[in-house]
Amino acid sequence: MDDINLHYRFLNWRRRIREIREVRAVRYKERLKRMLRDGDILRYHGNSDEVGCFVAARPLSRRNRYFEVTIVDTGVRGMIAVGLVPQLYKLDHQPGWLPHSVAFHADDGKLYNGNTVGQQFGPKCCRGDRIGCGISLDSDDGQLTVFFTKNGKEVGNVEIPASPEALYPAVGMHSLGEEVLLDLNAEWGMEDDDGQMIVDSHEEDWGRLHDVKVIGTLLEYMGKGKSIVDVGLAQARRPLNTRFHYYELEITDAGEKCYIALGLARRDYPKNRHPGWSRGSIAYHADDGKLFQGSGVGDAFGPRCFEGDIMGCGIMFPRDFNPDGGDDVDDWDLDVFPKPSEVQNDLYANNEDEEEDEAEDLEGRKVMVFFTRNGKVVGRREVALPVGGFYPTIGMMSTGEKVRVDLHPLSG
């Protein structure tokens, strides 16, 4: 009977993940008209009598609150606009012209705030200039502060009645030859008294970082990428539990070889071992589609994953699961790692061999671990839960690899 219940629960969760992915497939889809996109390059593709507009797939948020556009070519008139618009904005209008949109226009340096008549705001922008747009984190309820930058310096800001999740990065163009470089993962900070940049890096989400750089929700591999010990490892600060039992990553750049692994590992997992290779870990590897469970030899498991694919990993806990054998489940969300200011980051550290702790009490109760690819369950495996729990763990091992991580995709 327990096996039957677990099977039905697994089917329900698989349907839930599929439904969420279907909603996101509709919600998170970029829109563009009279524009061509080639990687991060946007080019105007009209006849100069009509506006071309691009709207990003995802809105700005408190985790990803800023983006930038570099002007590669001003074209005939340099009528390039950078700003924020609703998701279903009419693509034959420049950002800022219609209600609930705001934009800084490069050709005249004016701010357009839901009106075709602009207000003088900042300097004009030319070829090579970098225009940024972001949202302030200290905005009051119902009002959002939108700010604009030129070449890394703030030009000004404006308050608008909106919420962050309702505003999408947008770029408008209106003359032949216009071309920009788009950076939706740009970072923005403020200078403190010492003149050092403070960046919203979200390192507090991670308990251990080795040869991995954090930029918002983006993880970037910074290791040598020369041998199997050149692993970049990121391990979450808290283990999965009955409330937050699933997480995902999106491959934003596959790098040279897409040696990207998504999985779960014990807290003291070796920093120079790919997830799944050593005891107390399990991982789905993108480059070959294999499942590695405490061994350097993987089993055929699912399809390979490429740039743009979304990989997920979660645990199906038994209904009577209690991590502490008597305490309330909510008490399991403990601060077992150092405080954010003390997070361990071994970026660029020497990749010295580590001795693995083969503790006698490493394994505990059996749980069902499952993996997904683009919202569809790839497979599952019953494994022993390590003492202290399973921590979301991501590994990378070749130059240029980048992933965007969502540790709580099923919340909200």
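Against the criterion of solvent-accessible heavy-atom surface with a 1.4 angstrom probe, 102, 72 sort, most first, into 72, 102. Measure off, as a whole percent, the carbon and sulfur share of the 1.4 Å-probe accessible area of segment 236-288, all protein chains present. With neighbouring chains kept in place, the figure for segment 236-288 is 40 percent.
Considering only alpha-carbon pairs that sit under 8 angstrom and 6 or more positions apart, the relative contact order computed for segment 30-183 is 35 percent. With a 1.4 Å probe and every protein chain kept in, tell me what percent of the accessible surface of segment 77-169 is carbon plus sulfur. Exposed carbon and sulfur together represent 48 percent of the surface. Placing pseudo-labels 7 Å out from each Cα toward the beta carbon at residue 306 and residue 41 gives an inter-label distance of 2.1 nm. Working from label points 7 Å from Cα in the Cα-to-Cβ sense, the residue 183 to residue 243 distance is 3.7 nm. With all protein chains kept in place, the per residue accessible area of segment 76-155 amounts to 47 square angstrom at a probe of 1.4 angstrom. Shown in residue order for segment 283-292 are the 3J(HN,Hα) couplings computed by the Karplus curve 6.51 cos²θ - 1.76 cosθ + 1.60 at θ = phi - 60°: 7, 9, 9, 6, 5, 10, x, 8, 9, 10 Hz (x for Gly and Pro). Taking each of 33/124; 110/150; 257/376; 226/271; 90/153 in turn, the alpha-carbon distance tops 19 angstrom for 33/124; 257/376; 90/153. To the nearest 10, the accessible area of residue 397 is 20 Å² with a 1.4 Å probe. When the residues 226, 366 are ordered by accessible surface, computed with a 1.4 Å probe over the protein chains alone, the sequence from largest down reads 226, 366. Given a 1.4 Å probe and the protein chains as shown, residue 305 ends up with an accessible area of around 0 Å². Note on residue 226 and residue 127: the extension gain reaches 31.8 nm, defined as 0.36 nm multiplied by sequence separation minus the Cα-Cα distance.
The values are calculated or read from the model by the stated rules, or taken from the named source; none is laboratory data. Since we're looking at a predicted model, the values are computed, not measured. Note that each Cβ is placed from the backbone with ideal geometry, even for glycine, and that neighbours are counted across all protein chains shown. Remember, those area values only see protein heavy atoms, side chains included, never the ligands or the DNA or RNA. Shrake-Rupley method; radii C 1.70, N 1.55, O 1.52, S 1.80 Å.
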